[in-house]
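Just below is one structure, and these are the notes that go with it.
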Amino acid sequence: MKKTQVNDCEDVLLSMRMIAETLNEVIKVLDREAIKAMIQKILEGERVFLMGAGRSGLVAKAFAMRLMHLGFSVYVVGETTTPAVQPQDVVIAISGSGETRSIADLGKIVKDIGSTLITVTSKKESTLGRISDITMILPSKTKNDLDAGGYLERNMRGDYRNVPPLGTSFEITSLIFLDSIIAQLITLTGASEAELKSRHTNIE
């Protein structure tokens with residue numbers, strides 16, 4: 001890789017501003033009824049299962065970790081110790097496009113089992129969006145959008161509308177949204193900081 005001299009960090013700051021602006025716009029259009037229904041199902045479910053692919057999978061794992069800290073019985077689909085899903089369980093899928101084949105196929109299996117399927121996505125009319133019991137829409141660009149990969153060219157031309165690459169907008173938005181769900185669950189369950197810390201791993 002050739003050596004490059006870093007003269008400024010304008011794109012770093014610009015990207016952060018763009019992400020912050022995107023979050024503010026998403027907040028304005030969030031479906032509060034869908035949020036309430038999602039939280040209710042999480043509280044009522046026997047166990048909670050999270051699934052996602054790629055970076056969305058990392059967001060799913062982060063949310064699973066926080067649910068564990070709150071004392072929920074939670075698993076990540078695909079891990080070797082994850083048990084079988086049962087009808088009384090809640091499965092949450094994270095997919096910007098709602099069309100990621102592996103996750104969409106698993107979503108269909110979840111529906112066949114009779115479990116509750118919740119999808120966090122940016123595409124309501126996607127495969128996952130259509131089959132889910134609750135579809136939480138977070139409007140944002142995903143890696144599958146037609147111009148999502150052209151950010152470098154736009155940057156060179158001085159068009160900074162979509163500086164963050166590929167599915168970054170959805171992934172960051174979903175991470176912050178799900179962490180905010182945790183904040184609401186802390187209020188509802190009355191969990192204390194000490195309780196959360198008591199469940200944090202002590203062998204890392």
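The values are calculated or read from the model by the stated rules, or taken from the named source; none is laboratory data. Keep in mind that what you see is a predicted model, and the values were worked out from it rather than measured. We place every Cβ from the backbone using ideal geometry, glycine too, and count neighbours over all the protein chains shown. Just the protein is used for accessible areas: all its heavy atoms, side chains included, with ligands, DNA and RNA removed. Shrake-Rupley method; radii C 1.70, N 1.55, O 1.52, S 1.80 Å.
Filter the range 39-54 for residues that are assigned to a helix (DSSP H, G or I), touching a Gly at 6+ places or on another chain (Cβ under 9 Å) and of a type in the set (A, V, I, L, M, F, W, C) and give the result.
Those that are assigned to a helix (DSSP H, G or I), touching a Gly at 6+ places or on another chain (Cβ under 9 Å) and of a type in the set (A, V, I, L, M, F, W, C): none in the range 39-54.
Just to verify a result, which residue in the range 122-152, among those that are of a type in the set (Val, Ile, Thr) and at pLDDT 95 or above, is nearest to GLY96 (Cα to Cα)?
Checking each candidate, the answer is ILE137.
Hey, among the residues in the range 72-81 that are loosely packed, with under 14 Cβ neighbours inside 10 Å and not acidic (Asp, Glu), which one's nearest to GLY45 (Cα to Cα)? Write out each step before concluding.
So in the range 72-81, the residues loosely packed, with under 14 Cβ neighbours inside 10 Å come out as 73, 79-81.
Next, only the ones that are not acidic (Asp, Glu) stay: 73, 80-81.
Values: SER73: 9, THR80: 22, THR81: 19 Å.
Once the filter is applied, the top-ranked residue is SER73.
From (1) within 30 Å of GLU10 (Cβ to Cβ); (2) modelled with pLDDT of 90 or more, pick out the condition that doesn't hold for SER95.
(1)
Have a look at GLY107, GLY71, GLY57, GLY98 and point out the one that is part of a loop (DSSP other than H, G, I, E, B) and under 25 Å from SER140 (Cβ atoms). Don't jump to the end; show me each part of the working.
Numbers: GLY107 fails: part of a loop (DSSP other than H, G, I, E, B); GLY71 fails: under 25 Å from SER140 (Cβ atoms); GLY57 fails: part of a loop (DSSP other than H, G, I, E, B).
Answer to the selection: GLY98.
Do you know which residues across the range 87-115 are touching a Lys or Arg at 6+ places or on another chain (Cβ under 8 Å) and crowded, with 24+ Cβ neighbours inside 10 Å?
Answer for the range 87-115, where residues must be touching a Lys or Arg at 6+ places or on another chain (Cβ under 8 Å) and crowded, with 24+ Cβ neighbours inside 10 Å: VAL90, GLY96, GLY98.
Can you run down the residue pairs with Cβ atoms below 6 Å, 6 or more apart or on separate chains, where the first is in the range 73-89 and at pLDDT 95 or above and the partner is surrounded by 13 or more Cβ atoms within 10 Å (Cβ to Cβ) and in a loop (DSSP other than H, G, I, E, B)?
Once the first residue is at pLDDT 95 or above and sits in the range 73-89, its partners that are surrounded by 13 or more Cβ atoms within 10 Å (Cβ to Cβ) and in a loop (DSSP other than H, G, I, E, B) give SER73/ARG47; TYR75/THR82; VAL85/SER115; PRO87/SER115; ASP89/GLY45; ASP89/ARG47; ASP89/SER115.
Among the residues of the range 39-67, write down those that are touching a strand residue (DSSP E or B) at 6+ places or on another chain (Cβ under 7 Å) and open to solvent by 70 Å² or more (accessible area, probe 1.4 Å).
Within the range 39-67, LYS41, LYS61 qualify.
Could you look through the range 110-138, keep only residues that are part of a loop (DSSP other than H, G, I, E, B) and among the charged types (D, E, K, R), and pick out the one that is nearest to ASP31 (Cα to Cα)?
Here the answer is LYS124.
Only residues that are among the β-branched types (Val, Ile, Thr), open to solvent by less than 40 Å² (accessible area, probe 1.4 Å) and under 18 Å from GLU171 (Cβ atoms): list them for the range 23-38, please.
Let us first name the residues in the range 23-38 that are among the β-branched types (Val, Ile, Thr), namely 26-27, 29, 35.
Retained after the next criterion (residues that are open to solvent by less than 40 Å² (accessible area, probe 1.4 Å)): 26, 35.
Answer for the range 23-38, where residues must be among the β-branched types (Val, Ile, Thr), open to solvent by less than 40 Å² (accessible area, probe 1.4 Å) and under 18 Å from GLU171 (Cβ atoms): just VAL26.
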